[in-house]
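Derivation of every value follows stated rules applied to the coordinates shown; laboratory data play no part. A quick note: this is a predicted structure, and the numbers were derived from the prediction, not measured. Don't worry about glycine lacking a Cβ; one is built from the backbone with ideal geometry, like all the others, and counts go over all protein chains shown.
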Amino acid sequence: MKINNKGFTLVELMIVLSIIGVLFGVFSRLLSFENRDYIRGEGCVNHVYGEIKNYFDNASTGKGIYTGGNDLEFPSLYSVQFNTGDNKVLFKYDTVSSTGQDYKEILLSGTGRDSNFCFDENAGYHINIDKVNLDKIAMNKLLQSDVKTSPFTLHETNDSIVTGHVEFVFEKGDFKRIISKIEFDKRVSRIYHNKCVHRGDDYETCETWSDN
């Protein structure tokens, strides 16, 4: 029986080594600390969006909220504010007898490590609220309003503003990368979450957003 002892040619070895080099480059970027922390930051923004959406789902259906212990409130107005100074998202509500009551807040920066991965002091990253073009988002219970006003509010003094958004940026030292934006449209009383699919050269701006 004739045995073929022919080995790999130099060209074949170069092709294999090139493929290994490409795969190593891809996986090393995916497993780098920056990308690991960025993926956690994406999870934080997804959490923020989910909390806002659930809060306004409660408003549209008239569900009550537990404000502490077993205390159940049925607000007449549900609102969310983005505090850029303290870098946090505030959930508030009004009742028939009081206004501006605190429900809860989501911190996007701080000390220690956040359970929702919004910040990690040891890893040195946090999520930053950026480019907010609205005062707050407020929704009346059960979308109730008269014929002249919308049940959805985006601006305290200018009712003609019908859309608004807030962008979220991952920051780690000098490294910054935009993650996504949460957009509000009071014409249809809808909330959207658009991820950035094509960033600008500085990584802090987005040139193309995902479809709703």
Low-density loop positions, GluC sites (Glu not before Pro), segment 146-212 - DSSP coil, at most 13 other Cβ in 10 Å: E156
Note down the nm distance, to one decimal, between modelled labels 7 Å out along Cα→Cβ at R190 and at T163. 1.1 nm
Under unit Cβ charges (Lys, Arg +1; Asp, Glu -1), what dipole magnitude, rounded to 20 debye, does segment 10-209 have relative to its Cα centre? 460 debye
Full-stretch length increase - L142, T208 - with 0.36 nm per residue and alpha-carbon distance subtracted: 20.3 nm
Find the centroid of the Cα atoms in segment 106-140 and in segment 147-186, then give the distance between the two in whole Å. 14 Å
Going through K141/K186; K63/K195; K92/K176 one by one, the pairs whose alpha carbons sit over 26 Å apart turn out to be K63/K195; K92/K176
Would you work out which of N35, G64, N83 lies farthest towards the positive end of the dipole of the chain, given +1 charges on the beta-carbon of Lys and Arg and -1 on that of Asp and Glu, about the Cα centre? N35
Cα-based helix-to-principal-axis angle, 33-61 vs the chain, degrees rounded to 10: 30 degrees
Between R199 and residues 5 or more places away or on another chain, the pairs with built amide H atoms under 5 Å apart involve E207
Could you calculate the contour length gain from L17 to R36, that is, 0.36 nm times the residue separation minus the distance between their Cα atoms, to one decimal place in nm? 4.2 nm
Cβ charges +1 (Lys, Arg) and -1 (Asp, Glu), total dipole of segment 51-107, debye: 120 debye
Between T61 and Q101, what is 0.36 nm times their sequence separation minus the Cα-Cα distance? Round to one decimal in nm. 12.4 nm
At R0 = 22 Å, FRET efficiency that the Cβ-Cβ distance of F175 and E51 yields, to 0.05: 0.25
